[in-house]
Amino acid sequence: MTNQAVAYYRVSSRRQSHNWSIMAQQEAVHEEAGRLFLTIEAEFHDIKSGSNLNRPGMNELSNAIRSGRYGHVLVWRLNRLTRSLKDFLLLLNLCEENSVVLHSVMEPVDVNIMGRFQQQLYVMFGEWQLGILKVNQNNAYRQKFREGQLLSSSVPLGYYYTKGLAKIDSETSKIVKFIYENYLEGDVGYRKLSRAVMNKFDYQLTANGVAKVLQNQAYVGKLVNRYGVSTKVFPRLVTDTQFNNAQALRKSRRVKQKFITNPLFKKKLRCPYCQGILTASHVITASKSRIDYWYCSRDYCKGIRVDEQRVLNQLTAVISGLVTSDFKKSLMVKLNDDWPLQTRQDVVPADEMFRKFETGGITVDELETALTKSSMPNLEIERRRHCRKLAQQIVYKLTDPRDEDNIASVVKNLNFDRIEITMNKDIGGVFLAELPAINLLSLRGGK
């Protein structure tokens, strides 16, 4: 096994205590790498919640593990990777499939099956602890809401925050009243109002910002959120009549959307650089024809732009290729390799196995084998059985010969989880919602 390693760091926000900062984690991880005689060749980080794995740095880490170049992953704590046991098991399986060892500075364990079991316990405890914190936080927020206090220091234009309360700002509140009064005259839109605010108050407010002011119920003294409705938080800035008339005027001016996003690709196409979701757009050519395309709108990403029709043609070709290949056999082989099925009778409770081991009833090797089986809970067994049923349904949809019109219909009715785009703007991966871990491209031609 190579001594090359990759490190990962994460904080939830920039406002976290310095003891949890990226630099503090990095220092501890590098010290641990020196103790283990490992060389850190790559480092990734995220400033984002650990509630799921949809993070740029995490995507880079996953790709690094798959590359086969590294033998070790180092983190400060396991909860820096994720606070979800389900997601942690996915990462652990990814490491095992690529012969990568996972090390935690604060939670050192042996590199064996018992060590992996300990790591799962650490993550389970972290997940439970996070659940308790969320319950306590929600209870505290609900009580503050009842008392008429703000839940954060962020307040809309026209107010300022002080000691948990929202107060009227004598200067910016004039901007809010100016926007309502002029909009209700009926001859100005959001962009004109934005320019008027700049000219009169020397205040930068976008057209979208103007729209938000006109639909924010805080200006009539009402705050609506998941904890209920409160009239104690924000002092009133406009009358009910002004607010209601503004909503009626906004509704009457609403223009029917001419451009409709293709539902087949909505929130499905992934950027090859940051793994983010691509955004739909279009251009009108000189000949008045429309070209639909999808692009990555993230500022930190290198970005990509792909033609929708090209993606659709490639996707249709992929599905057509599955129809003509030995798809059923390939899919079931893949399922058996990735998710071997076992019955409930094969699962022995962990405490029973440890008792047998303590009394000399089983050897260390037998204990490890039994723990491997017990690591698959009943819910996981049911999930794998459910996946097989879904796989049979998908096979039924795709294995009958069809003409081109029927293939297009099948493509439209499939429930895609994601479609990965390569840097060459080709389809690199097609994943169904029912089987999100299996790339359909790997099943063509019986491969």
Legend entry - Where only alpha carbons of the range 4-139 are counted, the Rg and the Dmax (Å): 14.4, 47
Legend entry - Across Lys268/Lys412; Lys251/Lys288; Lys212/Lys251, pairs whose alpha-carbon gap is larger than 18 Å: Lys251/Lys288
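With a 10 Å radius around each residue's Cβ, average the other Cβ atoms per peptide and rank 274-281, 129-136, 201-208, highest first.
Working: 274-281: 18.4, 129-136: 10.9, 201-208: 12.8.
Answer by packing, highest mean first, reads 274-281, 201-208, 129-136.
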Inset, instruction - Take the Cα atoms of the range 159-253, find their three principal axes, and give me the spread along each one in whole Å, biggest first. - result: 36, 30, 20
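Quote the charge dipole size of the range 210-294 about the Cα centre in Debye, to the nearest 20; the model charges only the Cβ of Lys and Arg (+1) and of Asp and Glu (-1).
Numbers: 17 positive and 2 negative charges, 38 e Å.
Here the range 210-294 has a charge dipole of around 180 debye.
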Inset, instruction - Could you tell me which of the pairs Lys48/Lys174; Lys177/Lys266; Lys266/Lys302 are separated by over 27 angstrom between their Cα atoms in the structure shown? - result: Lys48/Lys174; Lys177/Lys266
Legend entry - Calculated FRET efficiency for the pair Arg195/Lys48, C-beta based, R₀ 30 Å, to 0.05: 0.25
Legend entry - For His72, distant residues with modelled amide H under 5 Å away: Val6, Val101
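Values quoted throughout were computed directly from the atomic coordinates according to the rules given, and no laboratory measurement underlies them. No experiment lies behind these values; they were computed from the predicted model shown. Note that we place each Cβ from the backbone using ideal geometry, even for glycine, and neighbour counts take in every protein chain shown.
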